[in-house]
1. Which residue pairs have Cβ atoms under 7 Å apart, sit 6 or more places apart or on different chains, and have a first residue in region 20-36 that is closer than 20 Å to residue 51 by Cα and a second that is surrounded by 13 or more Cβ atoms within 10 Å (Cβ to Cβ) and at pLDDT below 90?
2. I'd like to check which helices (runs of 4 or more DSSP H) are fully inside region 51-144 and have at least 2 residues that are modelled with pLDDT under 80, out of contact with any strand residue (DSSP E or B) (no Cβ under 7 Å at 6 or more places or on another chain) and buried (at least 19 other Cβ atoms within 10 Å of the Cβ).
3. Checking the condition at pLDDT 95 or above and either closer than 30 Å to residue 114 by Cβ or surrounded by fewer than 17 Cβ atoms within 10 Å (Cβ to Cβ) (or both), which residue from 34, 27, 45 passes?
């Protein structure tokens, strides 16, 4: 059982390393898919804050293509990752923005447990963080 979990974790780490080599500069299909699922409803397909649900919110939906502009030309990678994840008690959005870390954790655990019975929470967490990383790399790729 431990060997299966170790092999799964090693495969995830290798995939993560390969993604990291070109993920920061190329639009990732996985990152775009994550964006379309979790973000486009409010922020719009283009990230401009004009999604179909934006008008229903009590706040102005930010333009995600201008994150670097708001941070003096440097993409706030770590802050963006932690903000979306939300499991680290960074609440810059308050309760106005959904926190996605637990959503991804739940779906990752369900898939992982089905494919790899006995998988540890650490491995499921690695899968979740990979999905979140792909989303943040995608956001970085759409900066103007």
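The values are calculated or read from the model by the stated rules, or taken from the named source; none is laboratory data. All values reported here derive from a predicted model rather than from experimental measurement. Note: ideal-geometry Cβ built from the backbone for every residue, glycine included; neighbour counts use all protein chains shown.
1. That search, which allows pairs on different chains as well, returns 34/131.
2. Numbers: elements: 67-70, 77-85, 101-115, 121-141.
It comes to 101-115, 121-141.
3. The unique qualifying residue is 45.
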